[in-house]
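Asker: The structure's right below; bear with me while I get my questions together.
What follows draws every value from the coordinates through simple rules; no lab data is involved. Everything numeric here is computed off the predicted structure, so don't read it as measured data. No Cβ is skipped: glycine too gets one built from the backbone with ideal geometry, and neighbour counts run over all protein chains shown.
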Amino acid sequence: MKKTVPFFLFWVLLCNSASLLAQAEPESIVPETDKFQDYFYESLKQKGIENYDRAIVALEECLKIKPNDASIYAEMGKNYFGLKNFEQSYAFYEKAAQIDPKNKWYWAGMYEVNYQTKNYNQAISNINKLIEFDPVYKEDLVSLYMYTQQFDKALLLINELNDKVGKTNVREMYKAQILSQGKYQNAEMENLLMQIEKNPKEESNYIALIKLYSENNQKEKATAIIKKLEVAVPESEWAQVGLFKYYLDKNEAPKAIKAMNLVLASAQIDANIKHRVLNDFMVFVAKNPQYSPDLEQAIVALDKDLDAKLSKEIGTFYANRKQWDKSIPYYEMVLKKGSGEDVETSLLLLQAYAETKQFEIVAQKAASLVEKYPTQPQFYYFAGLANNQKKQYKNAITFLEMGLDYVVSDLVLEANFNLQLGEAYNGLGDFKKKEMYFAKANQLVKNKK
């Protein structure tokens, strides 16, 4: 006979099951999504206060809940980067990129690790991926090519960027570095010719090509480009720089002077270029003195913008022509613009003062320089010379005898010391010592011959 379960028993069991289920659902049990959020926010909080280890522990809990969440792997990469554990950082960024390859920030994380560890070859691979997202990363690629000495690729990319987005100081610096190696100059010449054909009004391409041709002694090609620039951009001030040098080399002085004056008056051309132009013209005038008035006008035009080096060149130019009064302000300018620690210029200035018979100034400045440079015999000499001219013979003897001890292997200077000592003793009426020192000076001159 078939036994049946009483309906009452079934109802009791059903009620008990409902009661048990109700007891198994306390408030302390949190859904998985809430757990994930709690751990994730905890990781952000710990990262924010640079507790990277604790942030990583929280993120590991996140990965247990969502093992394929790319953002968690990226966060792990950031925290390991903070700990300077770059190997682990890269591994987690790489995992994130494998899961979600369309997120550029994961690739950027790998690139950052590469850069930090100077793994530039691997960085090139990652930066090329980033370029797919944003071409601005090509700027970084230029630097990476330079760091890895892939100069041919760097030059191609520099020219591409110059053409598309314009030049930058950094890229131009890199380009100059590359072109200092002759083997890359032919490629750059071809590029510049192409750029001139493409943009005939862009004068910088002409100037760059003229410079390259000139540096490679291809004067005929340089001349052809100069003429092309004159036709394409007749108002170009930069063209005058090339024209000045061209006309100077051809000995066409009036045309060179006209170009020089335009260069010196230009607000666009930088001071270094102007200094070079003026210096080249000084060399020319030294052999062609009939153009001295033009040089003096040029110097006046540039007077406020002279640096110490060019001021010294101008001073020496005048000194060589015995125009001592004109050399003095430029030597003074050198010492004023420099640190004052210039023995050679100080000596040139003392010589100029002496030649213009400003012996009071010579005496003061030479005495000051003796204190500053106690082992430089020339300063003692000028102090002695100046005191002799002032008829301060005892002071002259003191300086000259002290300075003579520092004269080494310089017969001319030693002879001059003895002459001045002879003059000093002559002024004091000690003719015996006068003759002794004059005799020493004569013997030194004979030995020199």
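Asker: Taking only the Cα atoms of the range 130-199, how large is their convex hull per residue, in Å³?
Answerer: Output value, Cα hull per residue: 87 Å³.
Asker: Then there's this: Would any residue of the range 354-368 have its amide N under 18 Å from a label point 7 Å out along Cα→Cβ of Tyr406? List them or say none.
Answerer: Under cut-off, by backbone N: 362-368.
Asker: Pulled fully out, how much extra length does the chain show between Ile131 and Glu360, if you take 0.36 nm times their separation in residues and subtract their Cα-Cα distance?
Answerer: Here the answer is 75.3 nm.
Asker: Separate question: Could you check the simple spin-label distance between Asn217 and Ala187, using points 7 Å along Cα→Cβ, in nm with one decimal?
Answerer: In this crude spin-label approximation the distance works out to 2.5 nm.
Asker: In Å and on Cα atoms, what radius of gyration and Dmax does the chain show?
Answerer: For the chain, the Cα-based Rg and Dmax read 41.0, 165 Å.
Asker: Can you compute the label reach from Asp307? Point 7 Å from Cα along the Cβ direction, backbone N cut-off under 15 Å, restricted to the range 262-300.
Answerer: 270-280
Asker: On to the next question. Select from the range 48-97 those trypsin sites (Lys or Arg not before Pro) which occupy a DSSP coil region and have at most 16 other Cβ atoms within 10 Å, ordered by residue number.
Answerer: Of the trypsin sites (Lys or Arg not before Pro), the ones in loops of the range 48-97 whose Cβ has at most 16 other Cβ atoms within 10 Å are Lys84.
Asker: Now a separate question. Mind checking the full-extension length gain between Val343 and Asn442? Use 0.36 nm per residue of separation minus the Cα-Cα distance, one decimal, nm.
Answerer: 32.8 nm
Asker: Sticking with this structure for a sec: Jot down the per residue volume, in cubic angstrom and as a whole number, of the convex hull over the alpha-carbon atoms of the range 42-141.
Answerer: Spread over its residues, the Cα hull of the range 42-141 gives 89 Å³ apiece.
Asker: Something else about it: With a Förster radius of 22 Å, plug the Cβ-Cβ distance of Asp163 and Ala267 into 1/(1 + (r/R0)^6) and report the FRET value to the nearest 0.05.
Answerer: 0.20
Asker: Would you compute, from DSSP H runs of 4+ residues alone, the mean residue ellipticity of the chain at 222 nm, taking -39500 (n - 2.57) per run and dividing by the full residue count, rounded to the nearest 500?
Answerer: Calculated at 222 nm, the ellipticity per residue is -25000 deg cm²/dmol.
Asker: Work out how much length Gln297 to Ile65 would gain on full extension: take 0.36 nm times their residue separation and subtract the Cα-Cα distance, in nm to one decimal.
Answerer: Gain on stretching Gln297 to Ile65: 75.2 nm.
Asker: Looking at the chain as a GNM with Cα springs under 10 Å, which of Ala259, Ala439, Ala354 has the largest mean-square fluctuation?
Answerer: Ala439
Asker: Dividing the Cα radius of gyration by the Kirkwood radius, what Rg/Rh value follows for the range 358-449?
Answerer: 0.97
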